[in-house]
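Have a look at the structure below before the remarks.
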Amino acid sequence: LFRSSTIPLPQSLKAGMQELAQGQMQEAVRVPLKTGLPHLDATLNELAGGELIVIGARPSVGKTSLVTQILVEAAKAGTPTLFYTGEMLVQAINRRILSQQAKISWEHTIAPDKILDERIRSRVYQTMERLQALPVHNHAFHNRDVQQLCADAKRFVHIHKVKIICFDYLQLIN
């Protein structure tokens, strides 16, 4: 049914009805997705392979934080993920993830060796160690078009077996 990237709705519905009538409808592969937020987990339940989910909101309300949390939780469950950003440097994304996972202020991630509180410093280093083992891939893009991003994503899927891909800041894609 969804072999082409663009299918007009009437054609898609007709093809879907024909496949259904012939018993050829393929079952979508379900990928359990945990966000770490119980209410949201209950709402989302599970995602089907090939689904596109768009998260939109006003600036600075937590879209990137939510998505990085979802990607890390998926990686903790063994699902390789890719976070593609056109807005931030990879180092900034890594610090954001470290801050979320260690439950510390973002400022503490800039120079963890200068943190005076030993408990916080220890938590930062333990979290860094745990995060290094996760299949989370962060990649920045600048001045890329859709074809280039798709080629990059396919490369990550092929090399790293990535199952979940997030593009942050769609407006920056040429």
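The values are calculated or read from the model by the stated rules, or taken from the named source; none is laboratory data. Please read these numbers as outputs of a predicted model, since none were measured by experiment. When we count neighbours, we look across all protein chains shown, and the Cβ atoms used for this are built from the backbone with ideal geometry, even at glycine. Keep in mind that these areas ignore ligands, DNA and RNA; they rest on the heavy atoms of the full protein, side chains included. Shrake-Rupley method; radii C 1.70, N 1.55, O 1.52, S 1.80 Å.
A few points about this structure:
- Neighbour net charge for Ile120 - beta-carbon separation under 14 angstrom, K R +1, D E -1: +1
- Once both labels are positioned 7 Å from their Cα atoms along Cα-to-Cβ, the gap between Leu40 and Lys114 label points is 3.1 nm.
- Close amide H partners of Thr35, meaning residues 5 or more places away or on another chain with modelled amide H under 5 Å apart, are Asp41.
- Take 128-137, 50-59, 145-154 and order them by the average number of nearby Cβ atoms within 10 Å per residue, most first; the result is 128-137, 145-154, 50-59.
- Placing pseudo-labels 7 Å out from each Cα toward the beta carbon at Ser60 and Arg121 gives an inter-label distance of 3.3 nm.
- Here Ser99 sits with roughly 20 square angstrom of accessible surface, probe radius 1.4 Å.
- Stretched out straight at 0.36 nm per residue, the stretch from Asn143 to Trp106 would grow longer than its current Cα-Cα span by 10.5 nm.
- Every pair of different Cα atoms in segment 34-174 enters the Kirkwood calculation, which places the hydrodynamic radius at 16.1 Å.
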